[in-house]
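Step one of this worksheet: look at the structure below.
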Amino acid sequence: MSDTLYDETAAAAAASVIRAYSTSFGLATTLLGPRVRTHVRNVYALVRVADEIVDGAAEAAGVPINEQRTILDALESDTYAAIARGFSANLIVHAFARTARECGIARAHIEPFFASMRTDLDTAEHDDASHDDYVYGSAEVVGLMCLQVFVNAGSSSPRDPDPALVSGARRLGAAFQDINFLRDHADDAGRLGRDYLGVTGAVERRDQVLSRIDADLDAAAATIPLLPADCRVAVATAHGLFASLADRLHRADDVDARVRVPNPVKAAIAVRAAVAHRTLLPTRTRPSRRTPA
């Protein structure tokens with residue numbers, strides 16, 4: 001698929017979103033091969049814009065909830081139309097649509113995502129069932145979109161990924177989301193009035209969530225060697241960064257403090273991932289809780 005100036009400008013707009021919003025994912029995407037790097041940035045950009053509609057920039061601008069829903073609906077409709085026609089006047093949507101068309105990102109991947117974003121407009125507390133539905137749409141399908149990119153970018157005919165990779169992508173997405181829920185719990189509860197995990201004042205529940213995260217991270221790590229070679233280092237780095245966050249959540253004395261991974265540790269995680277996966281050696285990117293990362 002040849003790039004026009006408009007296509008290149010759309011991709012640059014998408015890249016600016018990930019640079020501004022995420023140091024961790026921004027670092028990981030720089031480690032992707034050029035075949036997939038732009039596509040993953042395009043996916044991230046659309047996801048981030050939708051998220052800003054329901055709990056970020058739109059709220060800060062004073063946009064009422066009913067108007068947030070209208071804006072979100074319009075973004076979803078524009079996304080489907082752009083995929084069908086190959087063009088959008090919205091640069092971020094245009095970039096995503098080009099990726100979806102090339103890599104086989106289907107409506108079945110996109111609809112659950114927008115459904116979860118709508119949930120944020122009218123659901124403040126979640127039980128286990130609604131949590132699982134929300135996480136599937138907000139995170140697992142994003143992992144599946146990226147997997148479509150990993151498997152199909154540059155191919156003339158998109159194909160379905162290996163079921164083991166599908167499982168790994170879903171579990172990695174779920175782990176990432178639950179880690180973010182835990183580290184952002186104080187802000188979600190205080191600023192937005194949301195409780196995704198039911199961990200407020202419930203130490204045992206928090207420990208259960210962390211155990212689930214550990215299991216998801218371990219299961220996802222086992223599938224990284226199955227990925228195309230130009231994706232393994234980046235995915236292993238993202239896995240390692242979030243595993244380090246999980247380790248810090250395990251060890252946190254203040255459960256309301258927002259844990260972070262220092263930049264030197266991020267660099268070390270990336271180096272370990274590069275050494276391990278560029279030589280196709282197995283690695284355990286989740287640090288032992290007995291040894292601070």
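Each value in this text was obtained by applying a stated rule to the coordinates, not by laboratory testing. Just so it is clear, the model here is predicted, and its values are computed rather than measured. So basically every Cβ, Gly included, is an ideal-geometry build from the backbone, and we count neighbours across all protein chains shown.
Numbers for the structure displayed
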item	result
Value at 222 nm in deg cm²/dmol, rounded to 500, when DSSP H runs of n ≥ 4 in the chain each add -39,500 (n - 2.57)	-22500 deg cm²/dmol
The chain: C-alpha gyration tensor shape, a/c 1.5 cut-off, then a/b vs b/c	oblate
Kyte-Doolittle mean at least 0.0 and Cα axial length at least 15 Å: DSSP H helices in the chain	5-21, 91-103, 141-152, 163-183, 229-251, 263-278
In Å, descending, principal axis extents of the Cα set of region 1-153	44, 30, 30
Under-5 Å amide H pairs with D195, H placed in peptide plane, nonlocal only	E125, H126
Distance in nm between pseudo-label sites at T30 and V63 (7 Å out along the Cβ direction from Cα)	3.1 nm
Candidates per trypsin sites (Lys or Arg not before Pro) in region 87-183, loop by DSSP, up to 13 other Cβ within 10 Å	R159
Using θ = phi - 60° and Karplus 6.51 cos²θ - 1.76 cosθ + 1.60, couplings along region 254-261 (whole Hz; Gly, Pro as x)	9, 5, 8, 6, 8, 6, 8, 9
Full-extension gain in nm, T9 to I71, via 0.36 nm per residue minus C-alpha separation	20.0 nm
Principal axis dimensions, largest first and in whole angstrom, of region 178-275 by Cα	43, 27, 23
